[in-house]
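Some notes on the structure that comes next.
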Amino acid sequence: MHSPTPTSLPGGIVLGGLHGSSGKTVLTCLLLAGLAARGHALQPFKAGPDYIDVGYHNHFSVKPSITLDSWLMGEPDVLSVARSSTRCATGILEGVMGLFDGASASSDEGSTMELARLLQWPVVLCVPAAKAGRSLAAALRGFIAEAHPHRIAGVVLNGVSGSSHAEYLREALLPLGVPVLGAIPRSAILDWPERYLGLRSAQAGQLPLVGELAAFAALYLDLERFEGLAQMHPNNQEVAASPLSDVVCRVAVAQDEAFHFYYANNLDWLRRQGAELVPFSPIHSRSLPANIDGILLGGGFPELYAGAISDNQTLRGNLREALLDGLPCYAECGGLMLLADKLIDVRGDVFPMAGALPGTVEMTPALQHFGYCSAFDGGSLPHQGHEFHHSVWSAETEHGNAWSVTRRRTGSARQEGFRAGGLHASYVHLHFSNSANLVRTHLGFYS
């Protein structure tokens, strides 16, 4: 058994997996609840361009979860955000997919391992153990060798069938010299909907209370040994808020059950640029907020609430008229879907939308575009982005004029998105600080 290498910085812990659905989100939430109950201040992070898991983090954390992604942000920004966010809190970073999975099939680029090496934080592997036996040791031996000695600080067994199964696996893993920091049994308290779309009011009611999860964590995780992996901070420390600029514009932000895919980093960046963010709901609001300089329409799942959005004719008309009058608007993915003429769901039902851009959006059973991309709009540098959508915009071939989007993995390119006056609508998700001028322009900073 060994301790993390002395080069590990006392900033946080990285939770990796053998593959996707290893139980990383459950383990992250258990630590957020369990360590907070022991008096520690924690800052959750999520590796990669993910909007779903951060919702789980936020249910069990005082601090909003922050995205860390070297492709979208660049390494200097990743380091800056991580360091500033862990001055008075310990970072708990949930990885993406398996430990070595990322943008490249031949390197660590875009992977959890890349972030662990960049941040110099120790890695704890969350290991699916429901049907595991001694063969698990062989699989883990490969992970430890690939990560290099001393990088893996411990493992957690997820889904053991009972205490005897856990003890058998502990014995089998003993020759690896890596401590087992917990054994999580299968339990109804952890029977959460599998990556359900949204984690808003409906799903929050299906999750356990923070105190319940903390008690569960105390039973099945070695929280004392987790405390020894990184410097812990008391949760009563006063943390200075990020300095905000004087308000230079008011931005209406769509936030409800259907629209809630926003990186916390992006919203914080907007506030620091001088934006006052004014929430509204395309489902429930009867009109846009008054005296706004721009509109931000983030991603989400408008197809699940298409009927309610369509029924809100007043808001749809108000939105369409505002954009026709030239009000700046920046829309990503679900926002593009809202602005289309119609939305067709997977059953073939048709719902009128805002009608602010040409064409229809139609849901599809399969993913249409997924992964990292570069968007070229004529500037000197591309915008680094990400796509993930189960829909097609019928007018893309004829009216796609925002930029040329090139896939990171394949190099294939297409004309994508719609730009007209102050409106920018696209399936591509961006990290705002790396596309600052574009975002400011389409959110009314210069009006």
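May I ask you to derive the relative contact order of the chain, considering only C-alpha pairs under 8 Å and at least 6 residues apart, and to give it as an integer percent?
On the way: 964 pairs, mean separation 62.6, N = 447.
About 14 percent, as a whole number.
What number do you get for the stretch 212-302 when its Cα radius of gyration is normalised by 2.2 N^0.38 Å, N = residues? The partial results should precede the final answer.
On the way: Rg = 19.3 Å, N = 91, 2.2 N^0.38 = 12.2 Å.
So the Cα radius of gyration is 1.58 times the expected 2.2 N^0.38 Å.
Figure the gain on full extension for Arg409 and Gln206 (residue separation times 0.36 nm, minus the Cα-Cα span) and round it to one decimal in nm.
Numbers: separation 203, 0.36 × 203 = 73.08 nm, distance 3.73 nm.
Here the answer is 69.4 nm.
Trypsin sites (Lys or Arg not before Pro), restricted to the stretch 315-361: which are DSSP loop and have at most 10 other Cβ atoms within 10 Å? Intermediate results must be reported in sequence, preceding the final value.
On the way: sites: Arg316, Arg320, Lys342, Arg347; in loops: Arg347.
Within the stretch 315-361, the qualifying trypsin sites (Lys or Arg not before Pro) (loop, at most 10 other Cβ atoms within 10 Å) are Arg347.
How high is the FRET efficiency between Ser394 and Glu75 when r is their beta carbon distance and R₀ equals 51 Å, given to the nearest 0.05?
Computed FRET efficiency for Ser394 and Glu75 comes out at 0.85.
Quick one: if the Förster radius is 41 Å, what FRET efficiency do Ser164 and Leu118 give, using the C-beta to C-beta distance and rounding to 0.05? All intermediate terms of the calculation are to be shown ahead of the outcome.
Values: r = 40 Å, r/R0 = 0.98.
About 0.55, to the nearest 0.05.
Which residue, Thr28, Thr410, Thr86, tops the fluctuation ranking in a GNM of the chain built on C-alpha contacts under 10 Å?
Thr410
Based on the Cα gyration tensor of the stretch 249-441, what are the three equivalent ellipsoid semi-axes, each the root of five times an eigenvalue, rounded to whole Å and given largest first?
Details: eigenvalues 106, 92, 42 Å².
Semi-axes (√(5λ), whole Å): 23, 21, 15.
Which of Asp50, Asp108, Asp349 moves most in a GNM of the chain, Cα contacts under 10 Å?
Asp349
Between Asp349 and Ala188, how high is the FRET efficiency from 1/(1 + (r/R0)^6) when r is the Cβ-Cβ distance and R₀ = 45 Å? Nearest 0.05.
Values: r = 35 Å, r/R0 = 0.78.
It comes out at approximately 0.80.
I'm checking a number: the convex hull volume of the Cα atoms of the chain, normalised per residue, in Å³. What is it? Numbers along the way, then the final one.
Details: hull volume 65.2 nm³, N = 447.
Each residue corresponds to 146 Å³ of Cα convex hull volume.
Non-local amide H neighbours of Thr90 (under 5 Å, H modeled in plane, Pro and chain starts lacking H): which ones?
Sorted by chain and number, the residues that satisfy this are Ala41, Leu42, Gln43, His233.
Using the eigenvalues of the Cα gyration tensor, what equivalent ellipsoid semi-axes result for the stretch 12-227 when each is taken as the square root of five times the eigenvalue, whole Å, largest first?
Equivalent ellipsoid of the stretch 12-227: 24, 22, 16 Å, largest first.
Select from Asn236, Asn434, Asn158 the residue whose mean-square fluctuation is largest in a Gaussian network model of the chain (Cα-Cα springs shorter than 10 Å).
Asn236
Given the DSSP H assignment, sum -39500 (n - 2.57) over each helix run of at least 4 residues in the chain and divide by its residue total; what's the result at 222 nm in deg cm²/dmol, nearest 500? Present the calculation step by step, with values, prior to reporting the outcome.
Values: 16 runs with 133 residues, N = 447.
Roughly -8000 deg cm²/dmol at 222 nm, from the helical runs in the chain.
Grab the Cα-Cα distance for Arg83 and Arg38, subtract it from 0.36 nm times how many residues apart they are, and report the gain in nm with one decimal. Could you put the intermediate results ahead of the total?
On the way: separation 45, 0.36 × 45 = 16.20 nm, distance 2.29 nm.
Using 0.36 nm per residue and subtracting the Cα-Cα distance, I get 13.9 nm.
For Ala103, what residues show an amide H to amide H distance below 5 Å, using hydrogens built from the backbone and excluding near sequence neighbours?
Gly110, Ser111
Every read-out reported here was derived from the displayed coordinates using simple, explicitly stated rules and does not represent laboratory data. Worth saying up front: this structure is predicted, and the values here are computed from it rather than measured. Glycine also receives a Cβ, built like all others from the backbone with ideal geometry; neighbour counts cover every protein chain displayed.
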